Amino acid sequence: MERTESKLFEFEVSGDYAMFADPMTKAGGERLSFQVPTYEAIKGILHSIYWKPTLTWIVHSVRVMNRIQTETLGIKNMVYSGGNALSFNTYLRKVRYQVRAFYVWNMNRPEYEVDRIFGKHDAIIERMIRAGGRRDVFLGSRECQGYVEPAAFGEGKGYYDSSGKRLFGFMYHGVTYPDEALLEEDKGMLSVRFWSCCMDNGVISFPKPEDCPEKRHLKKMEMKNFHAMEGSGVCELDS
C-alpha cells in the first residue's frame, strides 16, 4: 500500500520566553500570550526546522514539560508619528515542550510531484532536528528565541504528567492559506480556525486543520507562485 503520510517526528523545543498571542489582540499594541502553544506557532517551528512546498506539516501533539508561568515586560515600540510608546507584553517564561508531528504531500502543488520522496525528506528532517533547525527558531514571536533538540515524546518527567484534564477554552488554532486548503469551501480563501483546547496529563492533541469545529473566511487569496521565486533563491527546491 502506498504511503500517504510520513512517520512521526519527535523533538523538544525550549526557550527563556514565548509569546503565543491571539492575533485578534495584537492591534492594540499590547500582547498577552495564551497559556499553551497554538497549532500555528508549532507549525512555524516546524517550518524553521524544514519546509518545502512539496509537503504540509501536521502537528499531532505537544507535551508541556515545565510549569506554566508568565512575566510582564515593558517594551518600547517605535510609532509612525515619531518617538516611542511603552507597551506591556505578558510572556510565558522558561518554557519547554515535546512535539510530535508528521507531514503529508501538498496535493495542491502537483508541479512538485517529482519531489514526493519520503526517504529523502525524512533523512533531511532528522538531520535538521539534530542540527537545531534549518533557520532560526522562534517561540511565537521573533524576540523569543527557541532551541530545538532531538527527544523521544513521553520521556522524562513533565510538570503536568498527573494533573488530569485542564481546559483552556475557545482558542485560536491557526490560519489556512489557499495552497494548503483541503476542503473545497476553503480553496481560494484565507481562513482562520478556532477550537476548544484541552490538555490531558500535560499532552495537547490537536485536531487537523480541516477538522477544526469553527472557522472564518477572512478574504479571497490566490496561491503563491513558487516557480517565480526559485530564481531569487527564496524557494530552495533541490536541497
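For segment 18-168, the carbon plus sulfur part of the accessible surface works out to 51%, probe radius 1.4 Å. Using the Stokes-Einstein relation with a Kirkwood hydrodynamic radius computed over Cα pairs, the translational diffusion coefficient of the chain at 20 °C and a viscosity of 1.002 mPa s comes to 112 µm²/s. Pairs spanning more than 22 Å between alpha-carbon atoms, out of 7/165; 187/224; 43/208; 7/52; 187/215; 7/208: 7/165. Farthest toward the dipole's positive end in the chain, which of 69, 104, 23, given Cβ charges of +1 (Lys, Arg) and -1 (Asp, Glu) about the Cα centre? Among 69, 104, 23, the one farthest towards the positive end of the dipole of the chain is 69. For segment 131-198, the Kirkwood estimate of the hydrodynamic radius, built from every pair of different alpha carbons, is 15.9 Å. For residue 65, neighbours were defined as the other residues whose beta-carbon sits under 12 Å from its Cβ, and their charges (Lys and Arg +1, Asp and Glu -1) total +2. Under the combined filter of DSSP loop state and at most 16 neighbouring Cβ atoms within 10 Å, segment 114-160 retains these GluC sites (Glu not before Pro): 143, 155.
What the phi angles of segment 13-21 give under the Karplus curve with 6.51, -1.76 and 1.60, with θ = phi - 60°, is a coupling list of 10, 9, x, 6, 9, 9, 9, 9, 7 Hz, glycine and proline written as x. Each label was represented as a point 7 Å from its Cα along the Cα-to-Cβ direction; for residue 123 and residue 210 these points are 3.1 nm apart.
Sequentially through segment 110-115, phi angles give Karplus couplings (6.51, -1.76, 1.60; θ = phi - 60°) of x, 5, 10, 4, 5, 8 Hz, Gly and Pro residues having no value and appearing as x. Note that the chain presents 54 Å² accessible area per residue, ligands and nucleic acids not counted, probe 1.4 Å. Net charge dipole, the chain: roughly 660 debye, given to the nearest 20, about the Cα centre with Cβ charges of +1 for Lys and Arg and -1 for Asp and Glu.
Counting charges near residue 109 (Lys, Arg +1; Asp, Glu -1) among other residues having Cβ under 11 Å from its Cβ returns a value of -2. Annotation for residue 194 and residue 113: the two label points, set 7 Å from Cα along the Cα-Cβ direction, are 4.0 nm apart.
The values are calculated or read from the model by the stated rules, or taken from the named source; none is laboratory data. These numbers come from a predicted model, not from an experiment. Ideal geometry is used to build each Cβ from the backbone, glycine not excepted, and the neighbour counts take in all protein chains shown. Surface areas here come from the heavy atoms of the whole protein model, side chains and all, with no ligands, DNA or RNA. Shrake-Rupley method; radii C 1.70, N 1.55, O 1.52, S 1.80 Å.
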